[in-house]
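Take a look at the structure set out below.
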Amino acid sequence: MKNVNWFKKEFESYLKGYDVKYKFFEKGDLGDLNQVEFNSKERGGEIDFWSSGWLNVHFVDYISGDELFNILLKPDQYEEKDKVLNKLKDFL
């Protein structure tokens with residue numbers, strides 16, 4: 001399961017050069033939320049890990065102003081979650 005603990009072990013190392021902040025919000029629309037915010041001068045975004053299994057990945061190019069992606073995935077979309085996180089790695 002992709003969650004903030006998985007992220008810290010398996011993904012955070014790809015964020016060299018980014019300022020990373022961890023936030024936690026209780027009782028949101030999709031359950032409790034662990035949010036990872038990451039920013040550099042050129043790009044940034046958030047990854048939202050919901051306790052119900054939903055995953056949201058938002059990534060923006062600050063220089064061009066383009067939203068590179070903003071994807072909300074259901075709990076059972078395991079393959080899609082892997083694909084979007086791998087795509088994010090490529091952009092980083």
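Numbers below:
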item	result
Local net charge near G53, Cβ-Cβ under 11 Å (Lys/Arg +1, Asp/Glu -1)	+2
Degrees separating the helix 78-91 axis from the principal Cα axis of the chain, which is the longest one	20 degrees
Neighbour-count ranking [beta-carbon atoms within 10 angstrom, fewest first] of F49, F25, F11	F25, F11, F49
Cβ-based net charge around G17, under 14 Å, with every Lys or Arg adding one and every Asp or Glu removing one	+1
Under-5 Å amide H pairs with D32, H placed in peptide plane, nonlocal only	K27, S51, S52
Under-5 Å amide H pairs with L68, H placed in peptide plane, nonlocal only	F59, V60, D61
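No lab work stands behind these numbers, since they all come straight from the coordinates. Fair warning: this is a prediction, and the values are worked out from it, not measured in the lab. Counting neighbours? That spans all protein chains shown, and the Cβs are built from the backbone with ideal geometry, glycine included.
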